[in-house]
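Heads up: the structure comes next, in structure tokens.
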Amino acid sequence: MSPVPGVPVRDPDFTGRSVVVTGGASGIGHECARRFAFAGAAVTILDIDAATAGRAVEGLAREGLSVAALGCDVSKADEVREAMAEIEARTGRLDVLYNNASVFAAADFLEADEALFDRTMSVNLKSVFLCSQAFGRIVRASGHGGAIVNAASVGVSYTTPDTVLYATAKGGVQSMTRAMALALGPHGIRVNAVAPGTVVTEMVRERFEDPVRRARALDRTPLGRLGEPGDVAGAVLFLASDNAAYVTGATLFIDGGRTGLY
């Protein structure tokens, strides 16, 4: 296992493990895929944007990392089942699933339409159910156990008037995480979630280019800086690793201390 450039700590070893990262073509998912690959895992990115996923794989290859990618709409059950089966056939096993795929859209509650609601729930919540179920069935049959990490949000603890849909979906992810931990524990599958605070990624970068909004976020973050994808990746790898072998049903907040203010 090679140390990760720019990361001051050594990640857990995932040599011989097969890891699936949804929404792994950019942002937090991309950094997690990178870190898992540096840690020795056979990593597969699932992303609806196959072209962007392909470019991500090419970029990782320039770092000496071999990562696979499949185009997949993770809100479609048949595509998810086919992708998980293909990954198991290629790698010989499934060990870790990081349900990272998310969409974010701020909207006035009284103006938000049904299409936006459906898309927000399908990508942020339904995909967690579909991917976890397909993954869980394969791991149950294998008998070797596994780990699922879900992407919740600090919005499960506090929210804003324009994020009703997003906060609702992510609250569902947190509840699903707890219930799935009970359902899958007997099969040796641990289920946890990460709840990032303000992490600057492509999805929300424009939102925090507003100096007023950025200053407000910093003022509410005791550590005094906005998060980076690597901050979340470290937590994801911990929860997916044997270092967290007795941790399940938990939500780990990566928010610079913000939830302590509420």
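Just so you know, all these numbers are worked out from the coordinates, no wet-lab data involved. Predicted, not measured: the structure shown is a model, and the values here were computed from it. Cβ atoms come from the backbone with ideal geometry, glycine included; neighbour counts cover every protein chain shown.
Note down the relative contact order for region 42-136 as a percent, whole number, built from C-alpha pairs under 8 angstrom at least six residues apart. Mind dumping the intermediate values first?
On the way: 99 pairs, mean separation 26.8, N = 95.
Over region 42-136, the number comes to 28 percent.
Can you pull out the chymotrypsin sites (Phe, Trp or Tyr not before Pro) in region 58-128 whose DSSP state is coil and whose Cβ has at most 14 other Cβ atoms within 10 Å? Walk me through the numbers before you get to the answer.
Details: sites: Tyr98, Phe104, Phe109, Phe117; in loops: Phe104, Phe109.
When the chymotrypsin sites (Phe, Trp or Tyr not before Pro) of region 58-128 are filtered for loop state and at most 14 Cβ neighbours within 10 Å, Phe109 remain.
Set the Förster radius R0 to 25 Å, insert the Cβ-Cβ distance between Asn243 and Asp162 as r into 1/(1 + (r/R0)^6), and round the FRET efficiency to 0.05.
Details: r = 38 Å, r/R0 = 1.50.
With R0 = 25 Å, the Cβ-Cβ based efficiency is 0.10.
Note the angle between two axes, namely the Cα long axis of helix 27-38 and the longest principal axis of the Cα atoms of the chain, as a number of degrees from 0 to 90, rounded to the nearest 10.
Its long axis makes an angle of about 30 degrees.
Mind listing the long-range amide H neighbours of Gly227? Cut-off is under 5 Å, sequence gap 5 or more, other chains count too, H placed in the peptide plane at 1.01 Å from N.
Close amide H contacts, sequence-distant or interchain: Thr198, Val199, Val200.
Based on a Kirkwood Rh over C-alpha pairs, give the Stokes-Einstein translational diffusion coefficient of the chain at 20 °C and viscosity 1.002 mPa s in µm²/s.
Working: Rh = 18.4 Å.
Using the Kirkwood radius from Cα pairs, D works out to 116 µm²/s.
Between Arg93 and Arg55, what length comes free when the chain is fully extended (0.36 nm per residue of separation minus the Cα-Cα distance, one decimal in nm)?
Details: separation 38, 0.36 × 38 = 13.68 nm, distance 2.54 nm.
Difference between extended and current length: 11.1 nm.
Rounded to the nearest 0.05, what FRET efficiency do Arg81 and Ala115 give with R0 = 25 Å and r taken as the Cβ-Cβ distance? Could you check? Please list the in-between numbers first.
Details: r = 26 Å, r/R0 = 1.02.
E(calc), rounded to 0.05, equals 0.45.
Name the residues whose placed amide hydrogens come within less than 5 Å of the amide hydrogen of Leu252, ignoring near sequence neighbours (fewer than 5 apart) on the same chain.
Placed amide hydrogens put Ala193, Val194, Ala195 under 5 Å from Leu252.
Relative contact order of region 89-150, please, whole-number percent, based on alpha carbon pairs below 8 angstrom and at least 6 residues apart.
On the way: 45 pairs, mean separation 36.7, N = 62.
Relative contact order for region 89-150 comes out at 59 percent.
Cα axis of helix 229-240 to longest principal axis of the chain: angle in degrees, 0 to 90, nearest 10?
50
Given the alpha-carbon gyration tensor of region 120-248, what are the semi-axes of its equivalent ellipsoid in whole angstrom, ordered largest first, with each equal to the square root of 5 times an eigenvalue? Mind showing how you got there, number by number?
Working: eigenvalues 184, 53, 26 Å².
Value: 30, 16, 11 Å, ordered largest first.
Show me, for region 144-159, the HN-Hα J-couplings you get by feeding each phi into the Karplus relation (A = 6.51, B = -1.76, C = 1.60, θ = phi - 60°), rounded to Hz, glycine and proline as x.
So the J values, rounded to whole Hz, are 9, x, x, 9, 10, 10, 9, 8, 8, 6, 4, x, 6, 9, 8, 9.
Please list, in chain and number order, the residues 5+ apart from Ala69 or on another chain whose amide H is under 5 Å from its amide H, with Hs placed from the backbone.
The list, which skips near neighbours in sequence, is Ile45.
What percent does the relative contact order of the chain come to when contacts are Cα pairs within less than 8 Å and at least six residues apart?
Numbers: 522 pairs, mean separation 49.4, N = 262.
Rounded, it is 19 percent for the chain.
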